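The values are calculated or read from the model by the stated rules, or taken from the named source; none is laboratory data. If you're wondering where the values come from, they're calculated on a predicted model, not measured in any experiment. As a convention, Cβ positions derive from the backbone with ideal geometry for all residues, glycine included, and neighbour counts pool all protein chains shown. Note: accessible area is taken over every heavy atom of the protein model, side chains too, but ligands, DNA and RNA are not part of it. Shrake-Rupley method; radii C 1.70, N 1.55, O 1.52, S 1.80 Å.
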Amino acid sequence: IFVLNVIGVFIYKKIAINYQIFAHPNFRTLHEVSVPRGGGIVFSCIFVIGVLFLWCNNLLSKELFLILGVGGGLASIFGFVDDIYNIKASYKLLIQICLSSWIVFWLEGHVYIKHLEFLNEIINPLLIFFLVWMINAYNFMDGIDGMAVSGAFYITGTLTLILLIVNGSPELILMFILLMASVGGFMLFNWPPASIFMGDSGSVFLGYLFGSFILVTIVRDELTLWTWLVIFGYFFADTSVTQIARIILVKEYFKPHRSHAYQNLARILGSHFKVTSGVTMYHLMWLLPLSLWTISQPDMQIFATFLAIFPGFIIAYKYGPIFSSS
């Protein structure tokens, strides 16, 4: 899978150049030259083909095939069309709601909130809202070279390790390994300085998948919400603080921007490599051990979540939209 992705991205780069599928410098970007985009279509398609292969060989449940294979494929196609034609924001939201509803439809009847029974009356709208937020949140993290794809590689690697330790679902382990191999091949081209961008075909696809994985693993009692919050520690902190700060500081907060802390730090340091490498080290040296702690000491999960998120909150508060405004 890794090799197929390397070959696929190499071929796609030539196609993108021939058909002028570029990300051009503008007020949002941190690049000075045009770069081929839409490369996420490669690893997303190979992942979907892998899912189809596993399902045809009875190694994957119908539920996961429909959610990850069919839904993931639709998310990637939607993202790729957006990469080329720049779909209107209202249409994007409608499609994201449809994609999220697809996940909820196949999980309907399995999601139940203990001790807060009154929320179960509105659980489906809440889940759809969360999934739409997840799709957009991951898209927000694709703002500098290597950030989103290295995060996906770390997340899937951590999930694989955790499920192996706790003797988790074999089919979920297969899914995580498949996705890790897929994004790993793309990361060779997207690591700073990037020679190709994943675009929405990659970031929307990854946001959709991770939202699906969160719900599926929690429903199946494979992982807790606290473990997920630790794994996503930096990404969750950055996107949450940035959105809240922009709602307070910016009148049209919903418009495209480049005021995330990691983007401002890339400008301050004059290097995508330093920031992406720093976040990667934070993932491996801080969040990975804390993630393992949540499964070895379940009673410390809330404290581990605080330790995972708090440093990211501080960084996002100091260097995020407030820094941009000043």
Taking every alpha carbon pair in the range 269-326, what does the distance histogram look like in 5 angstrom bins from 0, in percent? 4, 17, 19, 22, 17, 11, 7, 3, 1
First check a/c for the range 179-250, with a ≥ b ≥ c the square roots of the eigenvalues of its C-alpha gyration tensor; if it is under 1.5, answer rounded, and if not, answer prolate when a/b is larger than b/c or oblate otherwise. oblate
Taking the radius of gyration and the Kirkwood hydrodynamic radius from Cα positions alone, what is the Rg/Rh ratio for the chain, to two decimal places? 0.94
Local net charge near ARG220, Cβ-Cβ under 13 Å (Lys/Arg +1, Asp/Glu -1): -4
For PHE22, the residues 5 or more places away or on another chain with a placed amide H closer than 5 Å to its own amide H are ARG37
Dividing the mean separation of Cα pairs under 8 Å (6+ apart) by the residue count of the range 239-311 yields a relative contact order in percent of 16 percent
Note, PRO311: beta-carbon cut-off 13 Å, +1 each Lys/Arg, -1 each Asp/Glu, net 0
Dividing the alpha-carbon Rg of the range 33-182 by 2.2 N^0.38 Å yields what? 1.13
Lys, Arg +1 and Asp, Glu -1 on Cβ, resulting dipole of the chain about Cα centre, debye, nearest 20: 880 debye
Among PHE140, LEU127, ASN58, whose Cα projects farthest towards the positive end of the dipole of the chain, with charges put on the beta-carbon of Lys, Arg (+1) and Asp, Glu (-1)? PHE140
Chymotrypsin sites (Phe, Trp or Tyr not before Pro) within the range 1-56: which are DSSP loop residues with at most 10 other Cβ atoms inside 10 Å? PHE27
What FRET efficiency comes out for the pair PHE10/ILE49, r = Cβ-Cβ distance, R0 = 25 Å, nearest 0.05? 0.90
Picking from GLY50, GLY39, GLY270, which is most flexible by a Gaussian network model of the chain using Cα springs under 10 Å? GLY270
Once you have the Kirkwood Rh of the range 9-90 from its Cα pairs, apply Stokes-Einstein at 25 °C and 0.890 mPa s and quote D in µm²/s. 170 µm²/s
Averaging 1/r across every pair of distinct alpha carbons in the range 154-297 and inverting yields a Kirkwood hydrodynamic radius, in angstrom, of 16.8 Å
For the range 230-270, list residues with backbone N below 16 Å from a point placed 7 Å from the Cα of ILE302 toward its Cβ? 230
Ignoring ligands, DNA and RNA, how do ILE248, ILE295 rank by accessible area with a 1.4 Å probe, largest first? ILE248, ILE295
Gaussian network model of the chain, Cα within-10 Å springs - most flexible of ILE177, ILE231, ILE155: ILE177
Show me 73-81, 195-203, 56-64, 306-314 ranked by packing, highest mean number of other Cβ atoms within 10 Å first. 195-203, 73-81, 306-314, 56-64
Rounded to two decimal places and with Rh computed the Kirkwood way over Cα pairs, what is Rg over Rh for the range 233-315? 1.05
Report relative contact order for the chain in percent, whole number only (criteria: Cα-Cα under 8 Å, sequence separation at least 6). 23 percent
Take the alpha-carbon centre of the range 73-94, take the same for the range 135-191, and report the distance between them in whole Å. 22 Å
Given the rule -39500 (n - 2.57) for each run of at least 4 DSSP H residues, summed and divided by the residues of the chain, what is its mean residue ellipticity at 222 nm, to the nearest 500 deg cm²/dmol? -22500 deg cm²/dmol
Tally Lys and Arg at +1 and Asp and Glu at -1 over the other residues with C-beta under 15 Å from the C-beta of GLY39: what net charge comes out? -2
